[in-house]
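Here's the structure, in structure tokens; my notes come after.
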């Protein structure tokens, strides 16, 4: 089975000051889960040796903005944490699927950006599972489960209904053959993989951000992005 962790960076609302909205998915085979989880635990012990690893959340926005546990931490150390998280992704057997939306380029003013982006990502994940099972000829089929970072009860329920609809819809060009019916909504504070995909989504958004920012920050994310890019799935439909 493949476990896919999904998180967003930016806001789907058009009124938000950031134009880019990113939805990213990190897919790992169940046999890789423990190995990757240990690497994230090691990083927490490295940077917070006196803390319980379960009490530390690597939330990239907090790391960059020196909030919470990262308040007062030197910028060089904070950026090294982000780099180390990206390195875990780049050095492990995982796969990234992602959608980037530039809200100012959307022509339909009534489009629900969040649900539209999830539909596009869902299609990408169906292609990914098709591709992995095609390469797995002669072996048991491997299915997929979605673990989505919870926003709030109302939004989660809306998203659950949308995903159930996508799972069952047999009229679309891209078929769902392997994703199970119901997503699981999780609290990223307790999920190391959710914290990794949070970092991935953040770095992708900052790479493609149209709003001018700190040149030093731009240089950092230009450096980190190639480590992520090599893990991005480019599966095509048959």
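The values are calculated or read from the model by the stated rules, or taken from the named source; none is laboratory data. Quantities reported herein were computed from a predicted structural model and do not represent experimental measurements. FYI the Cβ positions are ideal-geometry reconstructions off the backbone, even for glycines, and counts take in every protein chain you see.
Listed here are the residues, each with its yes/no results for (1) over 20 Å from the mean Cα position of the chain (by Cα); (2) crowded, with 20+ Cβ neighbours inside 10 Å; (3) within 20 Å of residue 205 (Cβ to Cβ).
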site: 39; (1), (2), (3): no, no, no
site: 44; (1), (2), (3): no, yes, no
site: 60; (1), (2), (3): no, yes, yes
site: 65; (1), (2), (3): no, no, yes
site: 84; (1), (2), (3): no, no, yes
site: 96; (1), (2), (3): no, yes, yes
site: 104; (1), (2), (3): yes, no, yes
site: 109; (1), (2), (3): yes, no, no
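Residue-by-condition table, conditions (1) assigned to a loop (DSSP other than H, G, I, E, B); (2) loosely packed, with under 11 Cβ neighbours inside 10 Å:
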{"residue": "165", "(1), (2)": "no, no"}
{"residue": "176", "(1), (2)": "yes, no"}
{"residue": "211", "(1), (2)": "yes, yes"}
{"residue": "218", "(1), (2)": "no, no"}
{"residue": "221", "(1), (2)": "no, no"}
{"residue": "225", "(1), (2)": "no, no"}
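Taking the stated definitions as given, is residue 204 in contact with a strand residue (DSSP E or B) (Cβ under 6 Å, 6 or more places away or on another chain), under 25 Å from residue 40 (Cβ atoms) and surrounded by fewer than 18 Cβ atoms within 10 Å (Cβ to Cβ)? Here the answer is no, as residue 204 does not meet what is asked. The combined condition, being touching a strand residue (DSSP E or B) at 6+ places or on another chain (Cβ under 7 Å), exposed (fewer than 14 other Cβ atoms within 10 Å of the Cβ) and modelled with pLDDT of 90 or more, is not fulfilled by residue 180. If only residues of the stretch 13-33 that are in a helix (DSSP H, G or I) and in contact (Cβ under 8 Å) with a residue 40 or more places away in the chain are counted, the one that is surrounded by the fewest Cβ atoms within 10 Å (Cβ to Cβ) is 33.
Residue 141 meets each of the listed conditions (1) in contact with a helix residue (DSSP H, G or I) (Cβ under 7 Å, 6 or more places away or on another chain); (2) more than 13 Å from residue 178 (Cβ to Cβ); (3) at pLDDT below 95 apart from (2).
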